[in-house]
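> Sharing a structure with you now.
Every read-out reported here was derived from the displayed coordinates using simple, explicitly stated rules and does not represent laboratory data. All figures in this text were calculated on a predicted structure; none of them were measured in a lab. Using ideal geometry, Cβ is built from the backbone for each residue, glycine included, and neighbour counts are taken over all protein chains shown.
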Ligand code: UGA
């Protein structure tokens, strides 16, 4: 099938390359010409494991092409994926300007029956809104071609997006059109049956992927409710971690014990400095906003946000407990991205923590294995180190805020000699507490 993917952010790029790899002809379009030029040169604007090679291979075999002409991409395709951003407005309501622009462009460019597929996380009811905008623009433009809107939310985790695209736990299709649903089943058939080369090479488990067909509103809500539930799990565990600290229990044993109950499960049960990124904060706020807009109470969602906002400051409180006055102290911070294996620092708890240390007058040195550019949301003044050791030399305190794999292999005997005071705050309960205490560190975890 011929597919146009609008938007080459991490959702668009990963979805596009996945569709090309399973055999479709894909045009990835973006109005940002500089980005398209880079992609044509094989340069990927984001870090995502395995993505670069897949893009290169599919670009070379011409299954994947890049273009900055959105209208051309739409006209050439049977299915149009909308993968543009919906950043939050200050009220929590998602900004739909990019989606509306794309819908207008689709209306003007339709030249035959097409499926318009929404992958972006959009407010409940957006399928109807997009239909209306397309219709309005079509009426003013070039005739009245038939089209169907499908909601097909993405469940891609940054850092594991390629894997999640090829081996999803479910595919959700929201539509009331039999015709569109049948085309969607055909589009995803190789994924559903796990019958494509990449799967054959990369997994020996061949399990059929469940596909859920529902109406577009329920499909849109499945996306929000899934992210909100995962965020709730984490905030809940963080609240329990705080109780652990008061009563002298160990959160690692508590969550392990809870997770053995299959109804609870062991995933997304890691206590720490809380959740961040471009999805959870935006989506939980948006769902709370929608609930209130429609006259429903969002008490749990609001509490989940509140717990998360407070959680990041626990690390600052712990630093104060260890160091007293923070002013003039040197703090080495390991990790900056909102989670490992990504360079994304959007709404990262680490940024709040570093900014607070800076505000309190500390000299802060940061090191992250992947983040190389000074993030826009980081207050000026943090010093970028080239290694963990450089960040920690002469510091009064080491704070781990992102659980990057390489921090497990650090030489802690060497770090003890580098630090002025042997203090470690492990904001992710990632390091071996006993080993560090045996070396002579004062180790402080979260609920641990
Ligand atoms: C999240 C969802 O997991 C994806 O399913 C979804 O498709 C995506 O949002 C999206 O809406 O696009 P992502 O934001 O990439 O994916 O990151 P997660 O791996 O879910 O982590 C989110 C945050 O929770 C991170 O800050 C992470 O450190 C934190 N976290 C996660 C914890 O604090 N504890 C845990 O046990 C797990």
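> Looking at region 275-311, which of its residues are farther than 25 Å from residue 120 by Cβ and surrounded by 23 or more Cβ atoms within 10 Å (Cβ to Cβ)?
311
> How many residues does region 334-380 contain that are farther than 23 Å from residue 410 by Cβ, in contact with a helix residue (DSSP H, G or I) (Cβ under 8 Å, 6 or more places away or on another chain) and within 14 Å of the ligand (Cβ to nearest atom)?
Adding up the residues that qualify gives 2.
> Another one. Quick test of your reading of the structure: residue 179 fulfils all but one of (1) in contact with a helix residue (DSSP H, G or I) (Cβ under 9 Å, 6 or more places away or on another chain); (2) in a helix (DSSP H, G or I). Name the failing condition by number.
Unmet condition: (1).
> Considering only region 13-92, give the helices (runs of 4 or more DSSP H) lying wholly within it that have at least 2 residues that are free of Cβ contacts under 8 Å to residues at least 24 places away in the same chain and surrounded by fewer than 18 Cβ atoms within 10 Å (Cβ to Cβ).
Hits in region 13-92: 33-40, 51-60.
> Another question, if that's okay. In this structure, is residue 98 surrounded by 15 or more Cβ atoms within 10 Å (Cβ to Cβ) and in a helix (DSSP H, G or I)?
Numbers: surrounded by 15 or more Cβ atoms within 10 Å (Cβ to Cβ): yes; in a helix (DSSP H, G or I): yes.
Spelling it out, residue 98 is indeed surrounded by 15 or more Cβ atoms within 10 Å (Cβ to Cβ) and in a helix (DSSP H, G or I).
> Which condition number does residue 214 fail, the rest of (1) farther than 24 Å from residue 147 by Cβ; (2) surrounded by 15 or more Cβ atoms within 10 Å (Cβ to Cβ) being met?
Answer for residue 214: the failing condition is (1).
> If residue 219 meets every condition in (1) in contact with a strand residue (DSSP E or B) (Cβ under 7 Å, 6 or more places away or on another chain); (2) away from the ligand (no atom under 16 Å from the Cβ) apart from one, which number is that one?
Exception for residue 219: condition (2).
> Collect the residues in region 348-389 that are over 29 Å from residue 416 (Cβ atoms) and buried (at least 19 other Cβ atoms within 10 Å of the Cβ), keeping them in residue-number order.
The one that is over 29 Å from residue 416 (Cβ atoms) and buried (at least 19 other Cβ atoms within 10 Å of the Cβ): 375.
> Okay, moving on. Regarding region 193-209, can at least one residue be identified that is within 16 Å of the ligand (Cβ to nearest atom), surrounded by fewer than 18 Cβ atoms within 10 Å (Cβ to Cβ) and assigned to a strand (DSSP E or B)? Let's see the steps before the verdict.
Here is the first cut: in region 193-209, the residues within 16 Å of the ligand (Cβ to nearest atom) are 209.
Checking which are surrounded by fewer than 18 Cβ atoms within 10 Å (Cβ to Cβ) leaves us with 209.
Those still in the list that are assigned to a strand (DSSP E or B) too: none.
Within region 193-209, none of the residues are within 16 Å of the ligand (Cβ to nearest atom), surrounded by fewer than 18 Cβ atoms within 10 Å (Cβ to Cβ) and assigned to a strand (DSSP E or B).
> If the requirement is being assigned to a loop (DSSP other than H, G, I, E, B), out of contact with any strand residue (DSSP E or B) (no Cβ under 8 Å at 6 or more places or on another chain) and touching a residue at least 60 places away in the same chain (Cβ under 8 Å), which of these qualifies: 340, 375? Please lay out each step first, then the result.
Details: 375 fails: touching a residue at least 60 places away in the same chain (Cβ under 8 Å).
None of the others qualify; the one that does is 340.
> Here's another thing I want to ask about it. Pick out the one residue from 169, 160, 146, 178 that is surrounded by fewer than 21 Cβ atoms within 10 Å (Cβ to Cβ) and touching a residue at least 60 places away in the same chain (Cβ under 8 Å).
160
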